[in-house]
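Trainee: Sending over a structure as structure tokens; questions will come in a sec.
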Amino acid sequence: MKTEGLPAVPFSGRKQSLIEDARRDRNSTSSSSPGPSRLGDNFVFEEKYGRVSLNILFTLSNQKNAGFFKTGKIFETFEAKLVHIESRPGRKLKNSSSDLEFFMKCEVHSSDIEVFINSLKKVADDVRAIPEEKVPWFPKQIKDLDRCNALITKFDPEMDPDHPGYSDPEYKKRRAFISELAFGYKQEDPLPTVEYTAEETATWREVYLKLRSVYPSLACRQFLEGLQQLEAECGYSEERIPQLSDISAFLKVRTGFQLRPCTQYIRHSSAPMHSPEPDCCHELLGHIPMLADREFAQFSQEIGLASLGASDEEIEKLSTLYWFTVEFGLCKQNGTVKAYGAGLLSSYGELIYALSNEPEYKSFNPEETAVQPYQDQTYQPVYYVSESFEDAKIKMRRYAANIKRPFAVCYDPFTCRVEVLDQPSKIKTALSQMKEDLKTLQSALEKLCL
């Protein structure tokens, strides 16, 4: 929004330096109108100790080559604290190829806001105070993920010399081809089918048979049940790599989860028992059998929902919790420790290690787990053991409830949308709708049982 409607502050007709002009304006405003700014609540944030935070946009032309230094003088005059600054090529003015647009977040005295902005207008073009977004953008429905396709892992073989495929040009070419299927995917498209080569299938077979031989004694009950169903309904076997379309249809019926193409490529054949990055062995053997369990699928979903609106510090803690549960979690079943984390269930070496007597075990406590340093290059020094999925879910809900955020969210499984609840009325309406949905679901289940 622009601020053309702001009342102009009278300036002396006599030519004076910028610094003197700004000081005159500040003094006259302080004596005549010491009250709060008329800029409005949409533009002023975090008022504290008589100072407020402002977001300012302005453009500087090369024709005003001293503009940036004069802008600095204005900040100095009004004792404005610069919190954040960004610049980019100008987009609006005629000479946009040589102009720069600046975004600045700053703190100024609440009584100086209007004069501060008017002073900036004397040395810069298109000066605007812009409102702060209370709710930052994040995917609220499945199709929004189309904007998140071009994510790059830090272990991409093009960039990481420690990747097993770094020196294999054919492997990198093949991986790039399969990755392009994900980059170009849109929600309305059918899930891409990959015709895997004989070498890729051989790598899958070696991984599948090796892990399948130890799953019965090391994997949790929910994983084993999910894997058996996948073998019966989705073609899981050592003979072929399953296709995402079959698996996604299976999961949608069982737990409501749907898949998108991301890591359909397979690990390098020189290191079949471990991959430094997620691949189809990690996804299809580690995650998918667990996501076939409704309770675990809900647990995974709630970790993701807890991060929406959280601070960077809290998001980092939630990422660590995800790491030690969904990726490397252990649980107790019938008095024995079993694995349920995808990072363990897709890595033969670490699965054997984690269920041996070597590592340290700790009881899952979100507050402690969230600050535990973890390893992404070698085996974990410590693993957290949950009493059960239900116990872990209850603890996670308690932990998430204490995270301070400017808004709440609610996931609607019927529409597959995330609703932002930034007003009390919205929260009340969402809770009422959830109660109605539960009644509808309960009635449908009762009819099925008759």
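So that you can scan it fast, the table gives a plain yes or no per residue for (1) in contact with a Cys (Cβ under 9 Å, 6 or more places away or on another chain); (2) in contact (Cβ under 8 Å) with a residue 12 or more places away in the chain; (3) outside any loop (DSSP other than H, G, I, E, B):
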residue	(1), (2), (3)
322	no, yes, yes
331	yes, yes, yes
357	no, no, no
362	no, yes, yes
385	yes, yes, yes
399	no, yes, yes
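Trainee: Of the conditions (1) of a type outside the set (D, E, K, R); (2) more than 29 Å from residue 338 (Cα to Cα); (3) touching a Leu at 6+ places or on another chain (Cβ under 9 Å), residue 219 clears all except one; give me its number.
Mentor: (2)
Trainee: Tally up the residues in segment 177-225 that are surrounded by 14 or more Cβ atoms within 10 Å (Cβ to Cβ), part of a helix (DSSP H, G or I) and within 24 Å of the chain's Cα centre (by Cα), please.
Mentor: Of the residues in that region, 4 qualify.
Trainee: Let me ask something else about it. Is it the case that segment 333-343 has a residue that's farther than 16 Å from residue 388 by Cα and open to solvent by less than 60 Å² (accessible area, probe 1.4 Å)?
Mentor: Yes: one or more hits.
Trainee: Is it the case that some residue within segment 319-328 is more than 22 Å from residue 218 (Cα to Cα) and open to solvent by 70 Å² or more (accessible area, probe 1.4 Å)?
Mentor: No, because not a single residue in segment 319-328 is more than 22 Å from residue 218 (Cα to Cα) and open to solvent by 70 Å² or more (accessible area, probe 1.4 Å).
Trainee: While we're on this one: Look at residue 235 and say whether it is in a loop (DSSP other than H, G, I, E, B), under 26 Å from the mean Cα position of the chain (by Cα) and not polar (S, T, N, Q). Quick ask: steps written out before the conclusion?
Mentor: Working: in a loop (DSSP other than H, G, I, E, B): yes; under 26 Å from the mean Cα position of the chain (by Cα): no; not polar (S, T, N, Q): yes.
Against the criterion (in a loop (DSSP other than H, G, I, E, B), under 26 Å from the mean Cα position of the chain (by Cα) and not polar (S, T, N, Q)), residue 235 does not qualify.
Trainee: Follow-up. Identify, by number, the condition in (1) in a loop (DSSP other than H, G, I, E, B); (2) among the aromatic types (Phe, Trp, Tyr); (3) closer than 15 Å to residue 68 by Cα that residue 103 doesn't meet.
Mentor: Every condition holds for residue 103 apart from (1).
Trainee: Still on this model: Which ones in segment 269-291 are within 19 Å of residue 240 (Cβ to Cβ), surrounded by 20 or more Cβ atoms within 10 Å (Cβ to Cβ) and small (Gly, Ala, Ser)?
Mentor: Within segment 269-291, just 286 meets the criteria.
Trainee: While we're looking at this one, here's another question. Somewhere in segment 249-263, is a residue out of contact with any helix residue (DSSP H, G or I) (no Cβ under 8 Å at 6 or more places or on another chain), touching a residue at least 24 places away in the same chain (Cβ under 8 Å) and either open to solvent by less than 30 Å² (accessible area, probe 1.4 Å) or in a loop (DSSP other than H, G, I, E, B) (or both)?
Mentor: No: segment 249-263 contains no residue that is out of contact with any helix residue (DSSP H, G or I) (no Cβ under 8 Å at 6 or more places or on another chain), touching a residue at least 24 places away in the same chain (Cβ under 8 Å) and either open to solvent by less than 30 Å² (accessible area, probe 1.4 Å) or in a loop (DSSP other than H, G, I, E, B) (or both).
Trainee: Which of the numbered conditions does residue 304 fail, given that it passes all the others? Conditions: (1) assigned to a helix (DSSP H, G or I); (2) in contact (Cβ under 8 Å) with a residue 24 or more places away in the chain; (3) surrounded by fewer than 20 Cβ atoms within 10 Å (Cβ to Cβ).
Mentor: Every listed condition holds for residue 304 apart from (2).
The values are calculated or read from the model by the stated rules, or taken from the named source; none is laboratory data. In this text the structure is predicted, and so the values were computed from the model without any measurement. Every residue, glycine among them, receives a Cβ derived from its backbone with ideal geometry; neighbour counts consider all protein chains shown. Protein only, heavy atoms only, side chains kept; ligands, DNA and RNA dropped before computing areas. Shrake-Rupley method; radii C 1.70, N 1.55, O 1.52, S 1.80 Å.
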